[in-house]
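Undergrad: One structure, as structure tokens, below. Some questions next.
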Amino acid sequence: MKLDPSMKIETFPGVYTPAEDTLLLLSAVKAGKGQRILEMGCGTGIIALHCAKAGYRVKAADISLDAVENARQNAAVNALDIDLAVSDLFVKVRGIFDVIIFNPPYLSSQDSEGLSEAERRPLVGGEAGHEISVRFLEQAPKHIAPGGRIYLLTSSESEGGVLEAARSLYSARRVAERRIFFELLAVWELLLK
């Protein structure tokens, strides 16, 4: 999916500002007509909104109320309809989806030293950086349609733990990558085995 420069996206304080990782993930997403899409950890809603504009049925979720309100406002400004939920991963998400998209927090606790708690929340994926992604991978099978797929962004800083957790449940294929300073970002397309 291509970035639509005409889309108006505002970022609230404390919500992750779309950056290179977001744009890489957006570029890797492919879906078929009429498919049901879930963007987990939606932040500003930029990916969910692009999917809605392309005609997909979209749900977006984030653990942060501020992020969900940010995505709601961006949907209204762009006259797009998405279903939103405040949820810790899948806790309050109902339904089965053909495509699930997730740009998780992936920094380790150590990599975020010196940041405030508000700055850490959208960036830190746990002590080693991959814990939130691993929880997501464990919970996702109950929400993916037969033949459905997941697009998951990883960083070379924490990718090993994510791929090890995925190995038993999913077949994985790297569909996009980009080097950003000291790390390699990658988007993985995951299919249930």
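Please treat every number below as a calculation from the coordinates, not as lab data. Model, not experiment: these values are computed from the prediction. Positions of Cβ are backbone-derived with ideal geometry, glycine not excepted, and every protein chain shown enters the neighbour counts.
Undergrad: Taking the Cβ of residue 71 as the center, what net charge do the other residues with Cβ under 9 Å away carry, scoring Lys and Arg +1 and Asp and Glu -1?
TA: -2
Undergrad: Determine the calculated [θ] at 222 nm for the chain from helices alone, applying -39500 (n - 2.57) to every DSSP H run no shorter than 4 residues and normalising by the residue count; nearest 500 deg cm²/dmol.
TA: -7500 deg cm²/dmol
Undergrad: Expressed as a rounded percentage, what relative contact order does the chain have, with Cα pairs under 8 Å and six or more residues apart?
TA: Relative contact order for the chain comes out at 19 percent.
Undergrad: Still on this model: Using a 10 Å cut-off on Cβ atoms, rank the peptides 1-10, 74-83 from the highest mean neighbour count down.
TA: Those peptides, ordered most packed to least, come out 74-83, 1-10.
Undergrad: Okay, next question. Could you compute the net charge surrounding residue 192? Neighbours are other residues with a C-beta less than 15 Å from the C-beta of residue 192; K and R count +1, D and E count -1.
TA: Cβ neighbours under 15 Å give a net charge of +2.
Undergrad: Give the calculated FRET efficiency between residue 11 and residue 168 to the nearest 0.05, with a Förster radius of 25 Å applied to their Cβ-Cβ distance.
TA: The computed FRET efficiency comes out at 0.10.
Undergrad: Tell me the label-point distance for the pair residue 65, residue 94, using the 7 Å Cα-to-Cβ offset, in nm and rounded to one decimal.
TA: That separation, rounded to one decimal, is 2.2 nm.
Undergrad: Looking only at the chain, where both bridge partners belong to it, what percent of the DSSP beta bridges are antiparallel (to the nearest 5)?
TA: If I count the DSSP bridges inside the chain, around 45 percent turn out antiparallel.
Undergrad: If Lys and Arg each add +1 and Asp and Glu each add -1, what is the summed charge of the other residues whose beta carbon sits under 11 Å from the beta carbon of residue 154?
TA: -4
Undergrad: Using the number of other C-beta atoms within 10 angstrom as an exposure proxy, rank 39, 131, 20 with the fewest first.
TA: 20, 131, 39
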